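Enquirer: For reference, the structure I am asking about is given below.
The values are calculated or read from the model by the stated rules, or taken from the named source; none is laboratory data. The model shown is predicted, which means the values in this text are computed figures rather than measured ones. Here Cβ is always computed from backbone atoms with ideal geometry, including for glycine, and neighbour counts include all displayed protein chains.
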Amino acid sequence: MKWLIMTSILCMLQQSGSTSTNTNTNTDANTNTEHLSVSLRGQTPVVIYRGDYSSPGFTMVDLDKLDQLIKKLDRHSYAPPRNAVINDRGGITPEQYGHRLDQKLFTEKFYAFFYGTGTFAFDAPLAPVYPRVDRELLADIKEKPIGQYATYYNSRNKNRSHNIVLAARAINNTVIFPGETFSFNKVVGRRTREKGYLEAPIIVRGELSEGIGGGICQVSSTLFNATDRAGLHIVQRYSHSRNVPYVRPGRDATVSWDGPDFAFQNRYNQPILIRAQAVPGKLFVAVYSSDVIEFKPRSVPGMSFGHLPEEISASAEEKDWLDPFMDWIR
């Protein structure tokens, strides 16, 4: 009788073990095949398998892997916002919102998939990214000029003229809020061939040579004089090792990506707007703000055609073309 009882128990254990093995095998198979498909706008969906995000030996989420996944999806889903700007016609081009991964909502959806069963699919949840400058702000701070300056250059030097135009575009429409510091190198960025900059004369240790981005120091120098006229606090400025012909002696601001920078701080209680434009033979920069700003302008001597050396003076035709702009910057 005891022998029959023991035999029955052994049979039951074997059947139980077999059932358990089959269940685990099926569970592992399901874990390895069931997946989450996350769609990103205009991109191939990201496929996520449940088993790849389990902590070893536990039915828990591997938080390090989840964090890496969230960072990856955030990079691929990010679209930067665009500030409102003043266009070439003088009107305001409205701002555009950007977007990025809504990490909180995605995490909730991921946990529902991980601790659920079956295959899931959804679009990556996105959160808006707001621009710093909207049309209302821009309309308020584009009205009152508080500082301006103009310099001149030889438009027949095509490479140098091209670099001046690129750098002027880079600083144009920049808004500096109260307490913020403007850095020329940070705003313009590295001057490279990939960004369109060309070789043109530069000053190195007091000598003229050719370098990528030659000419942009005229943009930083013109900006320095405009901001100085506006009474802004100059944080960093260096002069060239020799006088330059486009500004008066001691009124230049040399810049280099791996060296000197030009920087100023907005200590006023209103945002300020930089407007910069390069037209054939002339570069002008103006600083604007709202009507309620209280500023303390400084006296800065200007430049004119009569002060320019012969080698960079504009032609008579260029002078006639530029004369309508003189009232704007004086």
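Enquirer: Would you check which residues across the stretch 80-110 are modelled with pLDDT of 95 or more and of a type in the set (Gly, Ala, Ser) and list them?
Expert: 84, 98, listed by residue number.
Enquirer: Would you confirm whether any residue within the stretch 224-242 is of a type in the set (S, T, N, Q), under 30 Å from residue 142 (Cβ atoms) and modelled with pLDDT under 95? I'd like the intermediate steps shown before the answer.
Expert: The first filter runs over the stretch 224-242 and keeps only residues of a type in the set (S, T, N, Q), leaving 225, 227, 236, 239, 241.
Next cut, under 30 Å from residue 142 (Cβ atoms) only: 225, 227, 236.
Right, trim to modelled with pLDDT under 95 and you get none.
There is no residue in the stretch 224-242 that is of a type in the set (S, T, N, Q), under 30 Å from residue 142 (Cβ atoms) and modelled with pLDDT under 95.
Enquirer: For residue 113, only one of the following conditions fails: (1) at pLDDT below 95; (2) not in a helix (DSSP H, G or I). What is its number?
Expert: Tallying (1) at pLDDT below 95; (2) not in a helix (DSSP H, G or I), residue 113 fails exactly one: (2).
Enquirer: Of all residues in the stretch 275-294, which are of a type outside the set (A, V, I, L, M) and assigned to a strand (DSSP E or B)? Outline the logic, then answer.
Expert: As a first pass, look at the stretch 275-294 and keep what is of a type outside the set (A, V, I, L, M): 275, 277, 280-282, 284, 288-291, 294.
Residues satisfying the conditions are 275, 277, 282, 284, 288, 289.
Enquirer: Test each condition in (1) closer than 21 Å to residue 170 by Cβ; (2) in contact with a His (Cβ under 6 Å, 6 or more places away or on another chain) for residue 119 and report the one that comes out false.
Expert: (1)
Enquirer: Restricting the first residue to the stretch 111-136 and requiring it to be touching a residue at least 24 places away in the same chain (Cβ under 8 Å), which pairs with a second residue that is hydroxyl-bearing (Ser, Thr, Tyr) meet a Cβ separation below 6 Å and a spacing of at least six or different chains?
Expert: If the second residue must be hydroxyl-bearing (Ser, Thr, Tyr), the pairs left are 121/37; 123/39; 124/77; 128/97.
Enquirer: Exactly one of (1) of a type in the set (A, V, I, L, M, F, W, C); (2) buried (at least 17 other Cβ atoms within 10 Å of the Cβ); (3) over 30 Å from residue 297 (Cα atoms) is unmet by residue 112. Its number?
Expert: Here residue 112 meets the rest and fails (2).
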